[in-house]
Structure formats: C-alpha cells, structure tokens
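These notes are about the structure you will find just below.
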C-alpha cells in the first residue's frame with residue numbers, strides 16, 4: 001500500500017517549491033553507452049513563423065525514472081506504473097558524509113528508520129549533484145549497496161530517489177533488479193536536495209507516458225511546508 005497524502009502534507013501544496021531536476025541541454029553529460037543528448041533547432045520564427053525544437057536523448061537522461069522493465073524482462077513499463085507512486089510524502093535521508101564510490105548501507109538510514117515502512121518514498125541526499133557536470137559525476141559517485149537495495153525491498157517501499165546518476169556501477173544490474181524486481185520505482189539524478197531543509201516533504205515527479213518503455217525524464221519538485 002502506497003502511503004497516502006497526510007493532512008499536513010496537503011497543506012504543504014501551498015508551500016515552498018524546490019526544483020529537484022537537472023537542466024537538459026545540448027550535449028549534456030551522458031554515460032558512454034547512452035544516446036548523446038541533442039537539443040536541436042528544427043524550425044524557427046524566421047523559417048516558418050514559430051520555434052520548434054527536436055529532442056534526441058535517452059529515456060534516462062538527467063533526472064529520470066527507471067521502470068521495472070529497465071532491468072526486468074517482462075517487467076512493468078513506464079506507462080503502466082501507478083502515478084500515485086510519484087506524488088506524496090517523501091522521507092529525506094542525509095548521506096552527505098559518504099565519500100566518492102563509498103557504499104550507502106542500511107545503517108546510513110538509521111535516523112529515519114522508523115519512518116521507512118511499506119509504501120514509503122525514500123529520497124537519499126549525498127550532495128553528489130554539486131559535482132555535475134564534471135566528468136567524475138558519472139564515475140565516482142557514492143553507490144547504493146546490494147545490502148541496502150534488499151533491505152528496502154524487504155520493507156516494501158514504493159519509491160527510492162537519489163541524487164546520483166545511477167544506483168551502482170560495479171553491481172548495477174544486481175542492485176537495480178533487487179529494487180525494480182520488488183516493484184520499487186527508482187528516480188535517479190535528483191538535485192538541490194539540500195534546499196529541502198526538512199526530513200519530510202511532498203514529492204511530485206510524474207514520468208512521461210511513453211508507451212512500453214523502460215524509463216522517462218521527469219521534472220521533479222519538492223514542496224516544503226516551512227510553517
């Protein structure tokens with residue numbers, strides 16, 4: 001059961017809005033195996049009377065959602081994922097003490113463990129988004145350990161969001177399958193989480209309705225009630 005909106009979170013719809021999304025631009029950094037990001041002028045006001053832009057990029061460009069189909073053959077595709085997963089209360093975990101390439105383990109979530117229950121949305125802040133767009137952003141980030149992925153799956157959380165470009169490089173397939181195989185939505189490439197300044201906030205991060213595919217860029221927002 002995905003956690004519903006609480007009364008106090010409904011009030012926060014009128015709160016402070018934090019943009020948690022990376023900027024998408026021509027030749028923005030990508031993993032070597034991903035399509036290169038192309039934001040291309042297709043027509044202009046001068047040529048036909050209005051501007052039209054062509055987008056050519058991975059479904060996993062920048063801030064994006066991984067659907068189970070990304071790693072699970074026959075898994076749920078992005079257009080079939082329940083939208084309520086992407087709208088609701090999220091718990092923010094501060095893991096900024098983690099070093100480059102260091103594994104994030106269940107003990108790093110200890111301060112918020114009591115709030116991690118079935119249906120929870122968990123967002124982990126490492127501060128790694130501040131490295132973007134340096135080349136090491138895609139190579140040296142802290143990683144989600146297999147132990148943590150299995151721990152979250154056992155607790156049947158609904159969503160895991162991170163401010164790193166991928167969950168894990170060396171053990172990527174294993175970690176992704178542990179989460180996606182449990183039906184957990186994964187948001188990668190979040191940013192500006194330090195601006196939340198609260199342990200709970202409203203997350204809004206709906207993916208595009210791309211038929212039958214493995215993921216989608218999102219415009220992720222955090223809404224905070226500072227009252």
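Of note:
- Per the listing 78, 39, the residue uniquely under 16 Å from the mean Cα position of the chain (by Cα) and either assigned by TED's automatic domain parsing to the domain that holds residue 197 or exposed (fewer than 15 other Cβ atoms within 10 Å of the Cβ) (or both) is 78.
- Between 20, 13, the distinction of being within 22 Å of residue 208 (Cα to Cα), modelled with pLDDT under 95 and surrounded by 12 or more Cβ atoms within 10 Å (Cβ to Cβ) belongs to 13 only.
A quick yes/no check of all residues on (1) within 22 Å of residue 78 (Cβ to Cβ); (2) surrounded by fewer than 23 Cβ atoms within 10 Å (Cβ to Cβ):
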| residue | (1), (2) |
| --- | --- |
| 140 | no, yes |
| 172 | yes, yes |
| 179 | yes, no |
| 195 | no, yes |
| 198 | no, yes |
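- Qualifying strands (runs of 3 or more DSSP E) (wholly inside region 174-227; at least 3 residues being at positive phi): none
- Residue within region 102-118 that is buried (at least 21 other Cβ atoms within 10 Å of the Cβ) and assigned to a loop (DSSP other than H, G, I, E, B) present: no
- Scoring residue 155 on the criteria (1) closer than 17 Å to residue 108 by Cα; (2) surrounded by fewer than 21 Cβ atoms within 10 Å (Cβ to Cβ); (3) in contact with a strand residue (DSSP E or B) (Cβ under 6 Å, 6 or more places away or on another chain) leaves a single failure, condition (3).
- Restricted to region 21-91, the set of strands (runs of 3 or more DSSP E) holding at least 1 residues that are touching a residue at least 60 places away in the same chain (Cβ under 8 Å) comprises 64-66.
- Against the conditions (1) buried (at least 17 other Cβ atoms within 10 Å of the Cβ); (2) modelled with pLDDT of 95 or more; (3) farther than 14 Å from residue 123 by Cβ, residue 213 satisfies every one except (1).
- Scanning region 175-210 for residues that are within 12 Å of the chain's Cα centre (by Cα) and closer than 15 Å to residue 122 by Cα gives 184, 185, 186, 187, 188, 189, 190, 191, 193, 203, 204, 205.
- Residues (assigned to a helix (DSSP H, G or I) and either crowded, with 18+ Cβ neighbours inside 10 Å or under 15 Å from the mean Cα position of the chain (by Cα) (or both)) located in region 119-130: 128, 129
- Tallying residues that are without any contact (Cβ under 8 Å) to a residue 60 or more places away in the chain and closer than 16 Å to residue 159 by Cα within region 173-227 yields 5.
- Each residue in region 99-122 was checked for being touching a strand residue (DSSP E or B) at 6+ places or on another chain (Cβ under 6 Å) and under 16 Å from residue 143 (Cβ atoms), and 4 pass.
- Test: residue in region 50-66 that is in contact with a helix residue (DSSP H, G or I) (Cβ under 9 Å, 6 or more places away or on another chain), modelled with pLDDT of 95 or more and surrounded by fewer than 17 Cβ atoms within 10 Å (Cβ to Cβ): yes
The values are calculated or read from the model by the stated rules, or taken from the named source; none is laboratory data. Please read all numbers here as calculations on a predicted model, not as lab measurements. Glycine also receives a Cβ, built like all others from the backbone with ideal geometry; neighbour counts cover every protein chain displayed.
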